[in-house]
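First comes the structure, then the notes that go with it.
Read the figures in this text as sums done on the coordinates, not as results from a lab. In this text the structure is predicted, and so the values were computed from the model without any measurement. For neighbour counting, all protein chains shown are included, and Cβ atoms are generated from backbone atoms with ideal geometry for every residue, glycine included.
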Amino acid sequence: MTVSTSLASPRPKARYRGRFAPSPTGPLHFGSLIAAVASYADARAAGGEWLVRIEDVDTPRARFGAEAAILRQLERYGFECDGAIVRQSERLDLYQAALERLDADHLIYACTCTRRELETAPLGRGGERVYAGTCRNGVANRRAHHASRIRVGNSRIDFRDRLQGTQAQDLAIDVGDFVLRRSDGYFAYQLAVVVDDAAQGITDVARGSDLLASTPRQIFLQHALGLPTPRYLHVPIAINGQGEKLSKQTRARPLPDAPLQALAAAWRFLDQPEFPARGASVAEFWSFATVHWSAARLPPIAMLPAPERFCTAEGVPDARV
């Protein structure tokens, strides 16, 4: 089965509605700001709405106080949300209902393979392990806990990203049957994000290019669940001097208490028209950004170096050690 978003799921004729969806694993950093600025400016330039969703479906990774810190940062930086804050941890019934619907369509099966057992699986083009279907016709062992996987069959997903252009992925070859609920009972990101985007009426998703490879899985689920497919815009991600994505794991600095300077740096990173920052305010920045935002100006590449001052937080232990 080949799925083309231009044929099988045309974009609904609805007012632009975008979103920013941080995980509460720590404070926002410059890499987070890139995605937030792109999504917010794209929404405001289109006269649309912008929502905030806290992606805490992976509860064990959430840090106490991180959500409140993120919301304070967004407010300090002038972001204005057009609706109530949504938390994935409060939407588990929706994910369960979606899983049950897929199960009723005979698309779900139990998998008892452990992460260690999957370490020898071949790598797909995106660098992920491709599941070989070990449990597709019955679990390989009698372990008490199991994950829920979805059958991808011979699906090929084609879609056009607004920046990265035409994309295609053969799920069976590049990913394999993927997990929707983990063996520890937590729902997977791929299922949660699809259900949430549909429930919130999201028409446009602007986010980092590191999520481009997972988009075909989300489109596959959208079609399996009969949900609309939003337009996608995957912007470059920020990397440090070692070529690593800025993240908590690579000790990215938290956003400074200097919103205008950081916003201007993010704006330059996205190659937007020069903002006359001297003597300006955060409100004036957003007024300028709303008028001058141009997705056509974005660098059509996956990664760009971040300014050094935003990269590594001094005195913070390396989480990878």
Virtual spin-label span in nm between Glu80 and Arg160, 7 Å along Cα→Cβ: 3.4 nm
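Using alpha-carbon pairs under 8 Å, 6+ residues apart, how would you state the relative contact order of the chain in percent?
On the way: 591 pairs, mean separation 76.0, N = 321.
Relative contact order of the chain: 24 percent.
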Centroid-to-centroid separation of the stretch 177-224 and the stretch 57-121 [C-alpha atoms, Å]: 9 Å
Option label - mean projected area of the Cα convex hull in nm² computed here, alternatives [x] 15.8; [y] 16.9; [z] 15.0: [y]
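Can you compute the charge dipole magnitude of the stretch 2-310 about its Cα centre, using +1 on each Lys and Arg Cβ and -1 on each Asp and Glu Cβ, nothing else charged? Give it in debye, rounded to the nearest 20.
Numbers: 39 positive and 33 negative charges, 66 e Å.
Once rounded to the nearest 20, the dipole reads 320 debye.
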Choice from Pro122, Pro276, Pro22 showing the highest fluctuation, given a GNM over the chain with Cα pairs closer than 10 Å: Pro276
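Of all the Cα-Cα pairs you can form in the stretch 58-97, what percent are over 12 Å apart?
On the way: 554 of 780 pairs.
Value for the stretch 58-97: 71 percent of Cα pairs lie more than 12 Å apart.
Let me have the 222 nm mean residue ellipticity of the chain computed from DSSP H runs of 4+ only, each contributing -39500 (n - 2.57), with the sum over all residues rounded to the nearest 500.
On the way: 10 runs with 95 residues, N = 321.
Result for the chain, helices only: -8500 deg cm²/dmol.
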Nearest-ten-degree value, helix 189-199 long axis tilted from longest Cα axis of the chain: 70 degrees
Placed amide H near Arg231: partners under 5 Å, 5+ positions off or other chain: Asp204, Val205
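How far, in nm, would the chain grow between Arg182 and Ala132 when pulled straight, counting 0.36 nm per residue and subtracting the alpha carbon separation? Mind dumping the intermediate values first?
Details: separation 50, 0.36 × 50 = 18.00 nm, distance 1.71 nm.
Stretched fully, the Arg182-Ala132 segment lengthens by 16.3 nm.
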Cut-off under 5 Å, modelled amide H: who pairs with Gly208 long-range: Val235
Rg followed by Dmax, in Å, when the stretch 120-184 is reduced to its Cα trace: 14.2, 46
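Can you order the peptides 153-166, 177-190 by their average number of other Cβ atoms within 10 Å per residue, highest first?
Details: 153-166: 16.0, 177-190: 18.4.
Per-residue Cβ counts within 10 Å, averaged per peptide and sorted highest first, yield 177-190, 153-166.
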Distant-in-sequence amide H partners of His29 (H built 1.01 Å from N, under 5 Å): Leu255
For peptides 262-268, 44-50, sequence by mean Cβ density within 10 Å, most packed first: 262-268, 44-50
Cα-based helix-to-principal-axis angle, 215-224 vs the chain, degrees rounded to 10: 60 degrees
Dipole of the stretch 2-310, positive end: most advanced residue of Val282, Gln272, Ala46 [Cβ charges, Cα centre]: Gln272
Counting DSSP beta bridges with both ends in the stretch 2-310, the antiparallel % (nearest 5): 50 percent
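Provide the FRET efficiency to the nearest 0.05 for the Ser287-Asp257 pair, computing r from the beta carbons and using R0 = 22 Å. Walk me through the numbers before you get to the answer.
On the way: r = 22 Å, r/R0 = 1.00.
Computed FRET efficiency for Ser287 and Asp257 comes out at 0.50.
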Principal-axis tilt of helix 282-292 within the chain, Cα atoms, nearest 10 degrees: 70 degrees
Fully extended contour minus Cα-Cα distance, from Glu117 to Gln249, at 0.36 nm per residue: 45.0 nm
